[in-house]
Structure formats: C-alpha cells, structure tokens
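K.L.:
Quick one: the structure is below, questions incoming.
Where a number appears in this text, it was derived from the coordinates with a stated rule and is not lab data. Being a predicted model, the structure only gives us computed values, none of them experimental. Quick reminder, even Gly has a Cβ in these numbers, built from the backbone with ideal geometry, and neighbours come from all protein chains shown.
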There are 2 protein chains.
Amino acid sequence: MTKYESYKSRLARIADLGYTMALQGWDQETYMPEKGADFRAQQTATLSGMAHEMSVDKELGDLLKKLSKKKDLTPKQKRNIEESLKDYKESKKYTTEFVEQLSRVTSECFQAWQKSKKESNFKLYAPHLTKMIDLKRKEADILGYKKHPYNALLDQHEPGATVDQLDVLFKDVREQLVVFVKKIAAAKQNDDSFAYKNYNKDKQWNFGIELLKQMHFDFEAGRQDISMHPFTTNFSPQDVRVTTKVIENNLKSMIWSCIHEGGHGLYEQGLPSSEYGLPLGEAISLGIHESQSRMWENNVGRSLPYWKANYKHLQKYFPAHLKNVSLDHFYKGINLVKPSLIRIEADEVTYHFHILVRYEIEKLLMEGKIKVNELPEFWNEHYMKYLGVKVKSDAEGVLQDVHWSHGSIGYFPTYSLGSFYAAQFFHQANKDIKGLQKNIEEGNMLPLLNWLREKIHRHGKFYSAEDLCKKVTGEKLNFKYFMNYAKDKYSVIYNLK
Amino acid sequence: MTKYESYKSRLARIADLGYTMALQGWDQETYMPEKGADFRAQQTATLSGMAHEMSVDKELGDLLKKLSKKKDLTPKQKRNIEESLKDYKESKKYTTEFVEQLSRVTSECFQAWQKSKKESNFKLYAPHLTKMIDLKRKEADILGYKKHPYNALLDQHEPGATVDQLDVLFKDVREQLVVFVKKIAAAKQNDDSFAYKNYNKDKQWNFGIELLKQMHFDFEAGRQDISMHPFTTNFSPQDVRVTTKVIENNLKSMIWSCIHEGGHGLYEQGLPSSEYGLPLGEAISLGIHESQSRMWENNVGRSLPYWKANYKHLQKYFPAHLKNVSLDHFYKGINLVKPSLIRIEADEVTYHFHILVRYEIEKLLMEGKIKVNELPEFWNEHYMKYLGVKVKSDAEGVLQDVHWSHGSIGYFPTYSLGSFYAAQFFHQANKDIKGLQKNIEEGNMLPLLNWLREKIHRHGKFYSAEDLCKKVTGEKLNFKYFMNYAKDKYSVIYNLK
C-alpha cells in the first residue's frame, strides 16, 4: 500500500464509524422506541470515542505530515491531505480533560435549558449557560484565532468565515433589509388562510414525494421518513436520508420542509463516492450546505414558475380546499412577509433579523461584553428594534432554541450565509442556464440540478466557500444578490414602488 | 475499578459494537435504499473487525483467566466468567488466515447459490459448496470435539447439543411422526380457501399489532416493521425490533409471522438489562429462542382457545371474507397438515421432516460419507420417503434454502429443538398455571408471559439448555411431549381414532 492509500484506508475506517453514528442518530429521530434511548446513547458514545481515538492517532499524524511534504500528489490528493492535516491538528489541541468537561457541561446545560424553557424561567438556565460560554471562550483560546475569539468558533462551522466578513453582511441586513420590511409591513397584507385547513396527511406525504422526484432526488440512493424536526443525514452518497413533518392543518410545513431537506439531500447525493471519508467527499461548510437547501426551498420552491409547474397538480390532490384559490392567491399566500417571534416559523426575509440578533449576542458574549443574565433584556429590545415585535415570555424569546445549550456558538450565522449564497448562486444559474425559469415552469429541474452538480456538488471540499463562490459567480459573497432577489420578488407581491 | 467491573465494561463495549451491527442489519432489511448496500457492507465489516479484535484481546483473556480463579464471585458472576472464557478460548482458536478464507468462500458460495437457484442448476453450486464443507470439517477440527465432528458445529448454535441427543430425537420423528402423518393424510382434508382472498394490507397490519399488544409485547421498548423475510433483532432488551410480511392474498403469512416473531421479541425484552453485553444478558441458544417463538406461534397461536379469544375480532376486521366461516372451520383451516416441498411453508407437523432430511445430510457431510454432488439424489429420495412428495427441480429441492451457502451447518436442527422444547415447556406451563387455557380463551396472555419471564427469560445464559429444561420441566428434552401435543390436537381436528 502506498502512503496515500494507507491514509485513505484510515480515513475510510473513521468514516465508517462516523456514518454508523449517523445511522444511530437517524434511527433515534425516526423509529427508535423511547426506552431504547439510554443504551443507544451508550452505544453512540462508544463509537464516538473509538472514532476520536482513531482521528488523533499519532501514526495518522505522522503519515499526514509525510504526505504533506510529498511532491508527486495530484491537486486533489494535495487538498485532501491539507484538510485532513488541519483537522488532525485541531483535534490534537483538545486535552481529554477539556473534552470531558465540555461534554459534562453540555449535558447539564441541555437539561437546564429544557426545564427552563418549560417553565419559561431564564434564571434556571443562566448559570449553566454562563459555564458554557466560559468554556467556549476557553475553546477559542485553545484553537487560536486572529483578531476576534468568535472567529475560532465560526471556523468550526463555516471554515474561513470571520467577524470582518459577517459584520459587512449583517450591516447590510440592518441597514437595507430592515427598511425594506417596514415598507412591506405598511402595504396591504395577503391571505394564506387556505393553508391551514384539514389536509389529509397521506395525500400530503404523497405530494411531497412527487416534489422530491421532480427534483431528481434519487430514491434508490435515499429515502424520506417522518420525524419531529425535519433533517437530512447520510451514510454515504449512496444512502441519503431526508425527513419531513406532516401536520394536518398546515400544508406549508410539509411542502417546504420536503423541498428544503431535498436540497440538502441532492448535495449529499452529488458528492463523489470515490472520495468516501475524505475531505473531497464532504460538504464544504454548513453555509454552502444551507445554500443548497434554501435555493431549492425559496429561490425555486417559493417562486411563481415553480408553482406554475405544480399548482394544478396540488389542486387535484386537494380540490375541496384549493379549487377556489387562484394561482396568484396561492403564490401571494405562501410568500407572506410578517415579523414574528419564532425563528423556525419566520418567512425568508424577516428570518435574517432573528439571525442578526443572535449574531450580535454571540459576538458580545465572546468578547465578554455582555453577561448571560443580561441576555433576555438585550433579546427583547432587539426583537422590538429589528422586528417590531414584543416578546412576552423568555420561552418564546431567548429560550426558544436549543443550540446554545449544545455549545453551538458560531453556528446560527451559517443559516443567513446559506440564503445569501443561494441568492448569489441562483442569480448566476439564471445567467448560465438559458431558459432556466422556463425549465422550472415546465417542471424540468434537471438543468438546474446538473448545473449544481457541475459547479458545486462534485467538488466536495476542493474549494473553500469563498473560492467556490468566486469561481462560480466571479466575486465573493455579496449581500446585494439577496437584497435584489427580495426586492424584485416582494415589490411585485406587495405592489411596492 | 474492580477486575469484575473492568470485565463488564470491556464486554459492554464489545456489545455496543455488536448491537450497532444489529442496527445496521435491521436497517438493511427494512428501510435501506438499494444503492446503499456496498458502503453499508464496508461499514459493517469495519465494526465487525473492531469487535473481533476486542474479543480476542490478550488483556481480556488475562483478565478472564484471573477472574475464573477468584473465589469470591457470586454464582451469577461465576457463570458470566465461565461463558466468556469459553467464548474467548473458542475465538482464539481461529487463525486470521482461516477467518479470511471462510469469509471469501462464504461470499463466493452465496453468489453461486443465488445463480444456481435462479437457474435451478445444482452443478454451478456444487464446487463452492464442496469447498465450504471442506472448510467446515476443518473448522470442526480447529474447534475440537468429542465423538463426532458435527458436535463442534452444533455447539456453535446450540451449546451442549450432540449427535447422540439428536439421533434419539430424530429417530422418534422418523418412527412416530412419519406414521402419524400418514394417518392424517388418509383422513378427510379440511378447507382453508378463506385465507387466500384479498385481505386489505393496512387492516392486516393493524390486526397484527393488536395481537402483539395482547401478548404484551412492549411497544415502548420495541416496534414492528415490514421486511421481505420476517425476523427479530435487538439493540438492548429495551429496544427489540420484530418484522412481519403482509401479503394481500394470504392472511396466514402476516398472522403467524407476527405471533412467531413476537415470541422471539418477548424473550429479548425479558432478558435482564443489568447484564447488558454479558452472557447472562443473552439468550441460551437458538433452540431455546425458537421454543419461545414456536410456543406462541403454534401451541398458543394455532390453538382453539386463542381463536376463541380473537376470532370474532378478526371477523370484524374482515366481515366480507369471514362472516360465513365458522370458528370451527377457521380453526381447522389454519391447521392443515399437508406434506409439501418448501420448508418455510410447511405446517407445524410435517415441518420436522424437512429438518430431518437436512440433519441426515449434514451428519453425512461432516462424516465425509456423502459427496456434495450426491445431494440432489439423496434429497429427492428422502423427500419421497418421509414426505411422500416428488421434487421436480433442485430450485424447490436441495437449493431452496440459503443457509448452507452462509456456512450454517448445525443450525437447522435448532428449529426442531425449538418446537420440541416448546411442547415440553407448554405442557409444564399448563400444569403450573391454573386455568391457563381459560386465560388464553379470555385473551389474557399475562399469566403465561409471567411464567416464561420467571422460568426462562430472566435467567439469560445462567443455565444450559439441558439444565433449564430439567429445572423447568423436571426432565431433559423428550420428544414425547411434542408427539402427544400433535396427537391430541390433530386427532381431534382430523377426527382420528
């Protein structure tokens, strides 16, 4: 075996464990009976420990160092080694003591969050979240960073992302998007009451499967199931699992979770199997992953051409509910813009204000400029400022999301990055693909999928997010594409000047 | 950590991998999309290799040897160490070379079997099966045995079982059961055409779930899904998965696969969680496992009291098909005894002739007294002799089952052992539990389940199969219980004297 083959084989074994843990997770969210949880947690912990040992194995480190000095590697091999060495070095920075401490604090913090949210009592959560933030600041020091400690954490979710970059983007959100939403709020509101009648669950499910098929989600290399919170996971590019949620009196939930997760799923199915377990077989970043789900969900799935293709079919599924709802009525109803309290229920425009508030908080926390017990006040003030809504309880305010209790700091911004990348990529796709809007209108999603496969999916981690964006669109990420998309679309919908 | 705790923790880690492989297997048979197979095989192989390494680790061996000399262990701890040391020593007997050779030959043999069955051409299979048998004879030598090489292989599936024991049992089958079936064959045949109408699949499924609930299968610690071939697996006693098969024009398939797998499932759910990963947390043997499934399936699930409890309910599910079928008609129809070619479709009586033929063949193969290419002739002759049926093609003859191609020799007899143990246990249960037949007639399965929990399930591997049988019934396994059960039941059904 050559050194490179030996590296590939080691990484494949680590991936075998990682993907098996993904299977354990999938089963847990879809089918596992409740009493199975304790032993499942133990089984996952065992695999996780073994995978960790293998990824910090000194022999792997030595191999990677030797390979990184080799001159005769192909560019792809070089990139794999570069990324793997980076991962290896990062992993080695953590002491066992720190990892154990983080795991303990996370578990306590999560439990405190659950109780605290249930009782809408932030005080129960505050001491645990404080410990978590202290650890995260320590983690930033352990990892090292330039300029801002938050950069170290951002890099874990969105390699290469920095406060400098995000400050520019979120300044635009604050200055341009907030103003635009105020104009929308002043306009005449549209009706979406048709979406909240009793929609038979089986029919909803079948319609969702048809949408996935239309997107060319490969059901021989994947499947869809039901879970409490929709998600996508995969055990190889040949086995990609998406989930959805079907609610009887909410047609929207199923449709756009299907399309969203389908977008994630197409990315995973498009990664090269030949690079299994290697960086080039993996997604670039959470932001790029999210760009795929959001492009399908919003830029495609909430567009007029998409519903020109699919609305008649949906009417056939639910004639009693929709026969008197025109396409125009439907299209406007599925595109309401309305500031609200809960992030996961937000429309595609005001969504970014939710992220903006979290971004500002996370930055301040990492700088040590705000204390955990000041968060509810800050939160409520900024929800009023950006969204114009009054937060009545912490449960529907600062406590609404689980992520911080898991220690996910630097993660929320990737959601906004996803939308912004999506807008910029989709703008380019419309330039590159002749008649794309017409294709979509005819239900032909293949030209777009092929473009995504060619430009994005097949490369895995070969390019950084920034380089990919430049290569595909000719410039780095620029908020104007999202802003223009929103303006163009919603000026028509809301009849703005 | 004490030495015993350190042993427990090592075994728990091995079990974590083993149960995770069971999850991979379950997913593969139930939900995995077809393209997922290759990477899944690789992932399972990786886990399997790691689990094997851990179970032959010299440190584990040293620990077991030390523990086996300790005087202050409880009887349960002593049994655990005894069994684990036995497993360890057996595992150490295999060289890596032999394991790899067996794995390669198995893979080739399985592929040859598939092709050969498809084309009903035994010749394609013969050279591969010959290699397999040679390896199995070598394996018997590696493992060591007293008296007969077949004993070494039997012991893998049914610890303690021997040719001496089985010869006695199968002599009874040959001499008593064959004669009895001839009497049945001469009697007036009953009608079961009602079972082959169009039975709505969803309704069948719902009825099956109700049967499982009536058996007290714990759906918080388990679930049922659909698979091609029904099976039971588990990831802990708290997470037991049974599967069934629902065929539209065959009501029997779903009902008795449900009850059968439910019986296996109850055994797994009844094993002690406190002994997770240790011998005392595991089933005694395949034969004892099968005794649980077959007791529920046949002694209970094909009995008149059981259908006194459930038939009206079934009629309500399918009034159009069953309203004119009386309970007596139904009961006789679900208990047809009719020699046939295919083992998995056989009734509970003639079933054992299928096993008898296989037992005779396996013994001869292990003795080197029959050659693989002589098998079709031997098979067909003996199917005529014991079952009175003419085998028209090898596909529905010697090629019908996959097991030999997997290297499972010494496995088939456990099916018959299961039925025989079931009859003997059930006979005892009727003596121990006052009004058991009445309980069943009222749909109250709890007294029987509690008896099984108390007498069998909770002990795990504490007793050997033979000792358990003596402890529960006062004597070792005796064919007369099965024979009497069959005579009592079928003399009434077929109106024999």
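K.L.:
So how far, in whole Å, is the C-alpha centre of segment B:456-481 from the one of segment A:330-404?
P.N.:
Segment B:456-481 and segment A:330-404 have Cα centres spaced 65 Å from each other.
K.L.:
Ordered shortest first, which distances in nm separate the 7 Å Cα→C-beta label point of A:Lys65 from those of the other copies?
P.N.:
Shortest to longest, the spacings are 3.8 nm.
K.L.:
Taking a label point 7 Å from Cα toward Cβ, how far is A:Gly368 from its twins in the other copies, in nm, shortest first?
P.N.:
8.1
K.L.:
Can you sort B:Arg137, A:Arg458 from fewest to most other Cβ atoms within 10 Å of each residue's own Cβ?
P.N.:
Lowest count first: A:Arg458, B:Arg137.
K.L.:
What FRET efficiency comes out for the pair B:Asn484/A:Ser107, r = Cβ-Cβ distance, R0 = 56 Å, nearest 0.05? All intermediate terms of the calculation are to be shown ahead of the outcome.
P.N.:
Details: r = 58 Å, r/R0 = 1.03.
About 0.45, to the nearest 0.05.
K.L.:
Taking B:Lys363 as the anchor, which lysines have their alpha carbon closer than 22 Å to its alpha carbon, excluding any fewer than eight residues away along the same chain?
P.N.:
In chain and number order, the partners are B:Lys123, B:Lys131, B:Lys136, B:Lys138, B:Lys146, B:Lys147, B:Lys171, B:Lys371, B:Lys385.
K.L.:
Residues of segment A:383-401 with amide nitrogen under 16 Å from the 7 Å Cα-to-Cβ point of A:Ser120?
P.N.:
Zone members listed by number: A:390-401.
K.L.:
In whole Hz, with x marking every Gly and Pro, tabulate ³J(HN,Hα) for segment B:32-45 from phi via Karplus 6.51 cos²θ - 1.76 cosθ + 1.60, θ = phi - 60°.
P.N.:
Listing the rounded values in order: 4, x, 4, 5, x, 4, 5, 5, 4, 4, 4, 5, 5, 4 Hz.
K.L.:
Ok, one more. Hey, what do the phi angles of segment B:441-449 turn into as Karplus ³J(HN,Hα) couplings, whole Hz, using 6.51/-1.76/1.60 and θ = phi - 60°, x for Gly and Pro?
P.N.:
Using θ = phi - 60°, the values come out as 4, 8, x, 9, 8, 5, x, 5, 4 Hz.
K.L.:
Mind giving me the FRET efficiency for A:Thr2 and B:Glu34? R0 is 22 Å, r the Cβ-Cβ distance, nearest 0.05 is fine.
P.N.:
Efficiency computed from Cβ-Cβ geometry: 0.10.
K.L.:
To continue, here is another question. Listing A:Met445, A:Met1, A:Met50 from the residue with the fewest other Cβ atoms within 10 Å to the one with the most, what is the order?
P.N.:
Fewest-to-most Cβ neighbours within 10 Å comes out as A:Met1, A:Met50, A:Met445.
K.L.:
Run the numbers for A:Glu374 and A:Ser48: contour at 0.36 nm per residue of separation, minus the present Cα-Cα distance, in nm.
P.N.:
Fully extending the segment from A:Glu374 to A:Ser48 adds 113.8 nm.
K.L.:
Between the label point of B:Ala45 and that of the same position in each other copy, find the distances and list them shortest first in nm, with every label point placed 7 Å from Cα along the Cα-to-C-beta direction.
P.N.:
3.2
K.L.:
Same structure, new question: Would you tell me the mean number of C-beta atoms belonging to other protein chains that fall within 10 Å of each C-beta in A:43-55, as a whole number?
P.N.:
For peptide A:43-55, the averaged partner shielding equals 3.
K.L.:
Give me, ordered by chain and number, the residues 5 or more places off A:Asn234 or on other chains with an amide H under 5 Å from its own placed amide H.
P.N.:
Under 5 Å from the amide H of A:Asn234: A:Arg241.
K.L.:
Could you pull out every one of the lysines with an alpha carbon less than 19 Å from that of B:Lys197, ignoring same-chain neighbours closer than 8 positions?
P.N.:
Hits, sequence-local ones excluded: B:Lys245, B:Lys252, B:Lys312, B:Lys316, B:Lys323, B:Lys332.
K.L.:
Still on this structure: Listing B:Trp451, A:Trp404 from the residue with the fewest other Cβ atoms within 10 Å to the one with the most, what is the order?
P.N.:
So the ranking, lowest neighbour count to highest, is B:Trp451, A:Trp404.
K.L.:
Give me the distance in nm between label points sitting 7 Å out from Cα along the Cα-to-Cβ direction at A:Glu475 and A:Val168, one decimal.
P.N.:
1.0
K.L.:
For A:Asp432, project a label point 7 Å along Cα to C-beta. Then give me every residue of segment A:233-268 with its amide nitrogen under 19 Å of that point.
P.N.:
A:263-268
K.L.:
Next question. Tally Lys/Arg at +1 and Asp/Glu at -1 over every other residue whose Cβ is under 12 Å from the Cβ of A:Lys131; what's the total?
P.N.:
Result for the local shell: +2.
K.L.:
While we're looking at this one, here's another question. Through the Karplus equation 6.51 cos²θ - 1.76 cosθ + 1.60, θ set to phi - 60°, convert the phi angles of segment A:207-219 into ³J(HN,Hα) values in whole Hz; use x for Gly and Pro.
P.N.:
5, x, 4, 5, 4, 4, 5, 4, 6, 6, 4, 8, 6
K.L.:
Would you please give the FRET efficiency between B:Ile342 and A:Lys197, computed as 1/(1 + (r/R0)^6) with r the Cβ-Cβ distance and R0 = 35 Å, to the nearest 0.05?
P.N.:
Using R0 = 35 Å, I get an efficiency of 0.10.
K.L.:
Once amide H atoms are built 1.01 Å from N in the peptide plane, which residues 5 or more positions from B:Asp225, or in another chain, come under 5 Å H to H?
P.N.:
The answer is B:Val242, B:Thr243, B:Thr244.
K.L.:
While we're on this one: Say each of B:Glu381 and B:Lys93 gets a label point 7 Å from the Cα, pointing the same way as Cα to Cβ; how far apart are those two points in nm?
P.N.:
Each label point is offset 7 Å from its Cα along the Cβ direction, giving 3.2 nm.
K.L.:
At a Cα cut-off below 23 Å, give the lysines reachable from B:Lys66, other chains included and same-chain residues fewer than 8 away excluded.
P.N.:
The qualifying lysines are B:Lys3, B:Lys8, B:Lys58, B:Lys76, B:Lys78, B:Lys86, B:Lys89, B:Lys92, B:Lys93, B:Lys461.
K.L.:
How many nm is it between the label spots at B:Lys252 and B:Gln315, if each spot is 7 Å from the Cα in line with the beta carbon?
P.N.:
Reported label-point gap for B:Lys252 and B:Gln315 is 2.2 nm.
K.L.:
Which residues' amide hydrogens lie under 5 Å from the amide hydrogen of B:Ile247, considering only partners 5 or more residues apart or on another chain, with H built in the peptide plane?
P.N.:
B:Met254
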